[in-house]
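Trainee: Supplied in structure tokens, the structure appears directly below.
The values are calculated or read from the model by the stated rules, or taken from the named source; none is laboratory data. Bear in mind the structure is a predicted one, so any value in this text is a computation, not a measurement. Reconstructed Cβ throughout: ideal geometry from the backbone, glycine too, with neighbour counts over all protein chains shown.
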Amino acid sequence: MKILVIGSGGREHAIVWRLAQDAEPPELFCAPGNAGTAALATNLPIGAEDIPAIVTWAKEHRPDLTVVGPEAPLCAGLADALEAEGLKVFGPSQAAARLEGSKGFSKEVMEAAGVPTARFRVYTDSAQAIAELEDFGFPVVVKADGLAAGKGVVIAKTRAEAEAALHDMLDAGRFGAAGAEVVVEEFLDGEEASVFALCDGKHVELLPAAQDHKRAYDNDEGPNTGGMGAYTPAPIATPEVMRFTREQIVLPVLRELNRRGIPYKGVLFCGLMIGSKGVRVLEFNCRFGDPETEVVVPSIASDFAPVLLACAEGRLKEGMVRLRNEAAVTVVMAAPGYPGSYPKGMPITGIAAAEATGCHVFHAGTALREGEVVAVGGRVLTVTAFGKDLREAVDNAYRGIGEIHFDGAHCRRDIAAKAFRHL
Ligand code: AMP
Ligand code: GLY
């Protein structure tokens, strides 16, 4: 079997790595990949958003499956373009990817499907939005409708902050077309969890819940990042929460989309808020999360390629996904200054030594320069470890982290600490 993976982050390295562990490993290609995927796959010099070049390559090489990592190409119609050539894709169509690509669409689908989510309204006019702010109380949440690279959500503590965010998006065009419409919604309390639902259009298999750590520094302080670490399983996502997610969130959304003639296949990422009011959906994403993938995907014990292919072909079956019964933790090593500006080109040492301790090192922002692995991104790499429980997995991950060095590297020291409050 021949598989093409689209993307270049830690998520894609983890997907490629897991596919390479299958009993009959597929022949792997990655567009564009990174220094980590290069060891397991043939990296192609094609950008993840270059749909014409991806389609041209795929028409010529006929992969049995294309697995799309990031949201941008899905929202731009990559799955549709490949399927039009008779190729199979793990990832939703452009119409289904709007669950991530348009927050207004996503909320409207949730409402129609009876899925619990924050009370909301959609606006294109700032004066009207401002006039109705009091209906939501404070803090209030203001969201750009479209893709805004994780920067389109403002939690406004005061009326003044909310007005500024609305003017910014609706009047000053801060996010261009992505912010020409906004969702205003009530603020929800609680703890967040990420649940990945594998979908084939009708059937659903949930993977174990994970928690991400968005802030740059320990104790959830500092600026927001793409994610500084993750762990699974998340004790807050009890079996009851998981059953609710499947029965009251994912299945109703698939039914509602099918009613509209939009089958959803691929992974539906449910960003949940679990609090005193129960489980609510904060957002849907049309792809795996990063860095959650680096703990969740390695936790899959069954062969991975057949599962992904079954999703693409509409024949996902209950029990197809077996799991390792272990906890997993991943800790991101970032460049100095991240998430602000950061230097590039620092040589990285100790990756092999970290792997010798039993860790898996997934590359995110790395490149090969004259045979040497160097840092070229903000999130440089992430170190994943298993353990019989979360404590053991944490210790194992930090043992691996201790082996890896590059100038100015920083990581959080408290990944998974919030889980211990529930144990
Ligand atoms: P989103 O992209 O919609 O998930 O929003 C990004 C982040 O903003 C989430 O992961 C939450 O931390 C936070 N957030 C979004 N919506 C809400 C809400 N209604 N209440 C509280 N926090 C929220
Ligand atoms: N880790 C959150 C995300 O991938 O959006």
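Trainee: Test ALA197 against the stated conditions and say whether it is away from ligand 1 (no atom under 11 Å from the Cβ), part of a strand (DSSP E or B) and aliphatic (A, V, I, L, M). First the steps, then the outcome.
Mentor: Values: away from ligand 1 (no atom under 11 Å from the Cβ): yes; part of a strand (DSSP E or B): yes; aliphatic (A, V, I, L, M): yes.
Yes; evaluated as a whole, the condition is true for this residue.
Trainee: Would a scan of the range 310-328 turn up a residue that is within 16 Å of ligand 2 (Cβ to nearest atom), on the phi < 0 side of the Ramachandran plot and either in contact (Cβ under 8 Å) with a residue 12 or more places away in the chain or in contact with a helix residue (DSSP H, G or I) (Cβ under 9 Å, 6 or more places away or on another chain) (or both)? Reasoning before the result, please.
Mentor: Step one: of the range 310-328, the residues within 16 Å of ligand 2 (Cβ to nearest atom) are 328.
Checking which are on the phi < 0 side of the Ramachandran plot leaves us with 328.
With either in contact (Cβ under 8 Å) with a residue 12 or more places away in the chain or in contact with a helix residue (DSSP H, G or I) (Cβ under 9 Å, 6 or more places away or on another chain) (or both) added as a condition, the list becomes 328.
Scanning the range 310-328 turns up at least one residue that is within 16 Å of ligand 2 (Cβ to nearest atom), on the phi < 0 side of the Ramachandran plot and either in contact (Cβ under 8 Å) with a residue 12 or more places away in the chain or in contact with a helix residue (DSSP H, G or I) (Cβ under 9 Å, 6 or more places away or on another chain) (or both).
Trainee: Right, VAL321: in contact with a Leu (Cβ under 8 Å, 6 or more places away or on another chain), surrounded by fewer than 24 Cβ atoms within 10 Å (Cβ to Cβ) and assigned to a helix (DSSP H, G or I) or not?
Mentor: Working: in contact with a Leu (Cβ under 8 Å, 6 or more places away or on another chain): yes; surrounded by fewer than 24 Cβ atoms within 10 Å (Cβ to Cβ): yes; assigned to a helix (DSSP H, G or I): no.
Answer is no for this residue.
Trainee: Which one is farthest from the chain's Cα centre (by Cα) among residues in the range 144-187 that are within 14 Å of ligand 1 (Cβ to nearest atom) and at pLDDT below 90?
Mentor: GLY179
Trainee: In the range 184-214, what residues are of a type in the set (A, V, I, L, M, F, W, C), within 12 Å of ligand 2 (Cβ to nearest atom) and surrounded by fewer than 18 Cβ atoms within 10 Å (Cβ to Cβ)?
Mentor: Within the range 184-214, no residue meets the criteria.
Trainee: Just checking, how many residues over the range 68-117 are touching a Leu at 6+ places or on another chain (Cβ under 6 Å) and part of a strand (DSSP E or B)?
Mentor: Total satisfying the criteria: 3.
Trainee: Against the condition within 30 Å of THR238 (Cβ to Cβ) and more than 14 Å from ligand 1 (Cβ to nearest atom), how does PHE120 come out, does it pass? Break it down into steps so the answer makes sense when it comes.
Mentor: Numbers: within 30 Å of THR238 (Cβ to Cβ): yes; more than 14 Å from ligand 1 (Cβ to nearest atom): no.
No: the conditions fail for PHE120.
Trainee: Okay, next question. In this structure, does ASP189 turn out to be in a helix (DSSP H, G or I) and farther than 30 Å from GLY365 by Cα?
Mentor: On the way: in a helix (DSSP H, G or I): no; farther than 30 Å from GLY365 by Cα: yes.
No; evaluated as a whole, the condition is false for this residue.
Trainee: Identify, from the list PRO252, PRO291, the residue that is at pLDDT 95 or above and either surrounded by fewer than 21 Cβ atoms within 10 Å (Cβ to Cβ) or over 24 Å from GLY146 (Cα atoms) (or both). Can you show your working first?
Mentor: Details: PRO291 fails: either surrounded by fewer than 21 Cβ atoms within 10 Å (Cβ to Cβ) or over 24 Å from GLY146 (Cα atoms) (or both).
So the residue among PRO252, PRO291 that is at pLDDT 95 or above and either surrounded by fewer than 21 Cβ atoms within 10 Å (Cβ to Cβ) or over 24 Å from GLY146 (Cα atoms) (or both) is PRO252.
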